[in-house]
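Visitor: Mind looking over this structure? Questions follow.
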Amino acid sequence: MQELTQFFVLIGSVAMLMYGMKVMSEGLQKMAGSKLRTVLGTMTTNRFTGLLTGAFITTAIQSSTATTVMTVSFVSAGLLSLAQAISVIMGANIGTTATAWIMVLGGGSGGSFDMRLVVYLGIVASIILIYTKKNTNLGEFIIGLAFMLLGLTTLKSNANDMHLDEVPAIANFFAQISEWGYGSYFLFLVIGGLLTCAVQSSAAIMAITMTLCSTGVLPIDMGIALVMGENIGTTVTSNIVAMSATTQARRAAMAHLVFNLFGVIWVLCIFPHFVNFICGLWGVEYEPGVLNKDVNRDNLSAILATFHTAFNVCNVLILIWFIKPMEKLVCLLIKQKMTEEEEEGRLHFISGGILSTAELSILEAKKEINVFVERCVKMYGMVEELLNTKKGDDFNKLFSRVEKYESITDNMEVEICGYLSKVSEGRLSVESKIEIQHMMRVCDELESVGDSCYNIARTISRKRQHSQEDFTEKQYEHIQNMMQLTEVAMNQMAVVIQHGEQRYVDLNKSYNTEHEINNYRTQLKSQNIVDVSNQLYDYQIGVYYMDLISECEKLGDYIINVIEASGIKEKKANGFMVL
């Protein structure tokens with residue numbers, strides 16, 4: 001019964017550690033918000049600033065996965081080049097080593113200090129912050145840190161109580177494995193990678209590895225082999241997310257894997273010497289495959305953290321000069337497969353499923369909405385071209401593309417809003433909930449924009465099929481003037497939605513354009529009655545003519561609805577409004 005209890009305490013402490021890391025990372029991301037995205041998007045002018053940016057963000061949010069996923073999405077959106085992304089990912093690998101040092105400093109077993117005092121004080125402080133709503137995000141960070149430390153100390157304490165180092169079967173197992181030489185290192189390398197893939201948390205596996213080594217169960221060199229496996233396993237998340245993204249995003253994720261694989265290969269070539277050097281820094285004598293029972297247990301944990309840091313720093317120092325060759329390598333490994341036609345009808349960012357944090361999920365949805373806007377603008381450009389297309393085959397092909405885009409806009413609204421609905425079921429701040437509501441309204445209005453564009457195309461098609469008479473030269477001029485006004489409104493909408501967070505946006509221009517469209521429609525409607533009465537053209541042509549003018553006016557209304565749905569009216573500065 002005691003053994004069963006200890007086993008469940010072991011599993012529970014690992015779960016508590018993983019949950020604490022997740023909550024702590026989410027709290028930090030909520031506190032930082034869009035600032036981290038801004039830093040990531042702007043401070044990557046060269047390989048060294050990209051390196052520092054990746055290291056800073058990962059250290060701040062305690063999640064290399066979050067940094068890598070953000071980087072992949074920025075590459076997919078075209079905000080970062082592949083070379084810039086590689087330097088950020090290198091920095092993320094250095095930043096993630098801070099997690100191991102938190103575990104060393106927070107989970108030490110030496111001395112008379114009881115870590116539980118800090119844990120419970122942290123829980124009390126976080127509950128006060130959360131329930132008084134003074135700083136909910138800070139409260140989440142503190143309670144996440146408290147749970148992480150509690151899980152870590154419980155894990156170590158339980159492992160000590162189990163006395164695994166005194167179990168003959170375990171001692172015999174490691175004695176046999178140590179005789180395999182490099183084979184044992186490869187075995188633990190694979191185990192570390194598979195475990196990290198399974199639990200999607202390199203921090204949890206690192207904590208287990210530290211516990212096994214510090215309790216005298218696992219030889220230090222095999223623990224280091226596990227750490228190397230964890231470095232490879234942690235690249236799986238970004239590669240999974242990138243599977244449904246653009247080719248450049250898949251290449252960025254592959255660069256993460258190539259970086260860690262290269263590091264593992266060169267370290268394995270000098271493994272005994274490298275491990276001996278790291279152990280020497282802590283005054284520990286290295287003996288391959290031998291349990292270090294007489295060594296200070298905290299020093300064994302520190303050796304693993306030191307190795308993790310040295311491994312990634314040395315790897316960066318080597319590869320920082322070879323970013324261009326790495327870029328060429330991943331381009332060879334992942335070739336461009338989809339044509340532009342095939343890319344048109346697919347989601348770029350959110351088809352990989354809900355991400356681990358709401359902040360990242362909202363970011364992905366925002367990028368998808370930007371693509372939605374681009375497709376609406378492109379669809380309207382096709383409609384303008386359709387008006388002036390005379391050849392039957394060319395007209396039919398172009399009209400088919402407009403029909404396809406109308407279907408795409410319908411699907412995008414359903415999929416993006418469905419995704420946001422799932423995101424809203426998670427733990428969100430009030431600001432994030434309001435933001436999601438605005439994004440869903442924007443998607444709804446963008447779908448109306450797509451419908452309106454299709455209605456204009458259908459009117460042009462009906463007139464072509466059922467009327468022998470063509471528009472007069474003056475009518476064509478009026479239609480084109482109206483379409484140009486609508487195009488201006490469409491481009492202004494794209495600027496507001498895609499760049500509203502980055503700069504002040506003059507909304508007066510959008511509203512003035514919408515008023516011009518309304519006034520022009522009213523003027524042409526009155527003129528049309530006069531022209532039909534004067535028999536300048538027959539009544540049916542006048543109907544098609546006014547259908548086009550009226551639908552352009554409706555499109556202008558939908559465009560304004562998109563801008564207002566984004567919440568842009570809520571913040572004002574010096575006569576300007578911003579998202």
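The values are calculated or read from the model by the stated rules, or taken from the named source; none is laboratory data. As the structure is a computational prediction, the values presented were derived from the model and not from experiment. Backbone-built Cβ (ideal geometry, glycine too); neighbour counts: all protein chains shown.
Visitor: Give me a count of the residues in region 395-415 that are among the aliphatic types (A, V, I, L, M), crowded, with 17+ Cβ neighbours inside 10 Å and closer than 15 Å to ILE369 by Cβ.
Guide: Residues flagged as among the aliphatic types (A, V, I, L, M), crowded, with 17+ Cβ neighbours inside 10 Å and closer than 15 Å to ILE369 by Cβ within region 395-415 amount to 2.
Visitor: Can you find a residue that is over 30 Å from ASN137 (Cα atoms) and over 20 Å from the mean Cα position of the chain (by Cα) anywhere in region 427-438?
Guide: Within region 427-438 (the criterion being over 30 Å from ASN137 (Cα atoms) and over 20 Å from the mean Cα position of the chain (by Cα)), the answer is no, since none of the residues qualifies.
Visitor: If you don't mind, another one. Look through GLN468, GLN475, GLN498 and report the one residue that is out of contact with any Phe, Trp or Tyr (no Cβ under 8 Å at 6 or more places or on another chain), of a type outside the set (A, V, I, L, M) and in a helix (DSSP H, G or I).
Guide: Of GLN468, GLN475, GLN498, the one residue that is out of contact with any Phe, Trp or Tyr (no Cβ under 8 Å at 6 or more places or on another chain), of a type outside the set (A, V, I, L, M) and in a helix (DSSP H, G or I) is GLN498.
Visitor: Only residues that are without any contact (Cβ under 8 Å) to a residue 60 or more places away in the chain and either more than 17 Å from MET382 (Cα to Cα) or not assigned by TED's automatic domain parsing to the domain that holds ASN519 (or both): list them for region 445-465, please.
Guide: GLN465
Visitor: Ok, one more. Pick out the one residue from GLY418, GLY392, GLY381, GLY426 that is surrounded by fewer than 16 Cβ atoms within 10 Å (Cβ to Cβ) and at pLDDT 90 or above.
Guide: The conditions single out GLY381.
Visitor: Is it the case that region 242-255 has a residue that's modelled with pLDDT of 90 or more and within 30 Å of the chain's Cα centre (by Cα)?
Guide: no
Visitor: Let me ask something else about it. If only one of VAL118, VAL72, VAL124 is at pLDDT 80 or above and either buried (at least 20 other Cβ atoms within 10 Å of the Cβ) or not in a loop (DSSP other than H, G, I, E, B) (or both), which one is it?
Guide: So the residue among VAL118, VAL72, VAL124 that is at pLDDT 80 or above and either buried (at least 20 other Cβ atoms within 10 Å of the Cβ) or not in a loop (DSSP other than H, G, I, E, B) (or both) is VAL124.
Visitor: State whether one or more residues within region 490-512 are of a type in the set (S, T, N, Q), over 49 Å from the mean Cα position of the chain (by Cα) and surrounded by 14 or more Cβ atoms within 10 Å (Cβ to Cβ).
Guide: No: region 490-512 contains no residue that is of a type in the set (S, T, N, Q), over 49 Å from the mean Cα position of the chain (by Cα) and surrounded by 14 or more Cβ atoms within 10 Å (Cβ to Cβ).
Visitor: Scan region 496-523 residue by residue and report those that are within 16 Å of VAL449 (Cα to Cα) and either modelled with pLDDT of 95 or more or aliphatic (A, V, I, L, M) (or both).
Guide: VAL496, ILE497, ILE517
Visitor: Would you pick out the residues in region 41-61 that are modelled with pLDDT under 70 and surrounded by fewer than 24 Cβ atoms within 10 Å (Cβ to Cβ)?
Guide: Once the filter is applied, which keeps residues that are modelled with pLDDT under 70 and surrounded by fewer than 24 Cβ atoms within 10 Å (Cβ to Cβ), region 41-61 yields GLY41, THR42, MET43, THR45, ALA60.
Visitor: What pairs can you find where one residue is in region 145-163 and outside the structural domain of VAL124 (by TED's automatic domain parsing) and of a type outside the set (Lys, Arg), the other is at pLDDT below 70 and assigned to a helix (DSSP H, G or I), and their Cβ atoms are less than 8 Å apart, with a gap of 6+ or different chains?
Guide: Filtered contacts from region 145-163: no entries.
Visitor: Another one. Within region 167-214, restricting attention to residues that are in contact with an Asp or Glu (Cβ under 8 Å, 6 or more places away or on another chain) and either more than 18 Å from ASN231 (Cβ to Cβ) or surrounded by fewer than 20 Cβ atoms within 10 Å (Cβ to Cβ) (or both), which residue is modelled with the highest pLDDT?
Guide: Checked region 167-214; the qualifying residue modelled with the highest pLDDT is LEU195.
Visitor: Also, quick follow-up: Between residues in region 402-414 that are under 16 Å from ASN455 (Cβ atoms) and residues that are surrounded by 14 or more Cβ atoms within 10 Å (Cβ to Cβ), which pairs lie under 6 Å by C-beta distance while being six or more apart or on different chains?
Guide: As it stands, the answer is VAL402/MET382; VAL402/ALA457; TYR405/MET379; GLU406/GLY450; GLU406/TYR454; THR409/GLU447; THR409/GLY450, since those pairs meet every condition given.
Visitor: Moving on to the next point. For MET228, are the conditions met, namely being at pLDDT below 85 and closer than 20 Å to THR196 by Cα?
Guide: For MET228, the condition - at pLDDT below 85 and closer than 20 Å to THR196 by Cα - is not met.
Visitor: I would also like to ask the following. Between SER448, SER461, SER510, SER452, which is over 24 Å from ASN370 (Cβ atoms) and either touching a strand residue (DSSP E or B) at 6+ places or on another chain (Cβ under 8 Å) or small (Gly, Ala, Ser) (or both)?
Guide: SER461
Visitor: For the structure I just gave you, tell me whether ALA565 is modelled with pLDDT under 90 and among the aliphatic types (A, V, I, L, M).
Guide: So ALA565 fits the description; yes.
Visitor: Scan region 131-149 for residues that are farther than 23 Å from GLY12 by Cβ, of a type in the set (Val, Ile, Thr) and surrounded by 15 or more Cβ atoms within 10 Å (Cβ to Cβ) and jot them down.
Guide: THR136
Visitor: Output the residues belonging to region 404-447 that are under 25 Å from THR389 (Cα atoms) and either assigned to a loop (DSSP other than H, G, I, E, B) or among the polar types (S, T, N, Q) (or both).
Guide: SER407, THR409
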